[in-house]
Amino acid sequence: MNRTLIAVIAFVVWSAAAFGAGWAWRGDRAEKAEANVATKQATAALAQVNEVRTTEHTQAAVLADIGAKHEEDRRAAEAVPVAVVADLRTGNLQLRDDLATCNTARLSAAVAGAVERDAGAQLRAEVAGAVVQVGRDADDQVRAAQAVIEADRL
């Protein structure tokens, strides 16, 4: 064969090989760039998910504390009526006139016997204890609801 033809064929083969290598190198660089972008996006998404989870766990812990405090207050409120009745009977606590006289105002002092007055006084003490417990339960409910709302708005 002719040397010139061999040189031309060698140049064509060499050019084709260089073109193929460049094409492959360009494709690898594009894939690497896409992989880097995907990695950055996945890392950012993971960081965001971890941040949201941390916030949720913190908020869940705050709400659990509020719930535990509310349950503790509810258990403590069960002793309130007994304590109010005992304090009324010992004289450590006195009712306002409007509550103290509500049951006995209907009874004539001349007609009511000592037993009826004692029963009325005992009933007033028990009613007062129940009223105090209802008020305390309502206050505890409102306090817990406000704490939940406040924790939710953070």
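The values are calculated or read from the model by the stated rules, or taken from the named source; none is laboratory data. Because the structure is predicted, anything quoted here is derived from the model rather than measured. Cβ sites come from the backbone with ideal geometry, for glycine too, and all protein chains shown count toward neighbours.
For Gly22, the criteria (1) surrounded by 10 or more Cβ atoms within 10 Å (Cβ to Cβ); (2) within 26 Å of the chain's Cα centre (by Cα) hold in every case but one, which is (2). Considering only residues that are hydrophobic (A, V, I, L, M, F, W, C) and within 21 Å of Ala64 (Cβ to Cβ), look in the range 128-154 and name the one that is modelled with the lowest pLDDT. If we take residues in the range 128-154 being hydrophobic (A, V, I, L, M, F, W, C) and within 21 Å of Ala64 (Cβ to Cβ), then Leu154 is modelled with the lowest pLDDT. Is at least one residue of the range 77-86 touching a residue at least 60 places away in the same chain (Cβ under 8 Å) and under 40 Å from the mean Cα position of the chain (by Cα)? Yes, the range 77-86 has at least one match.
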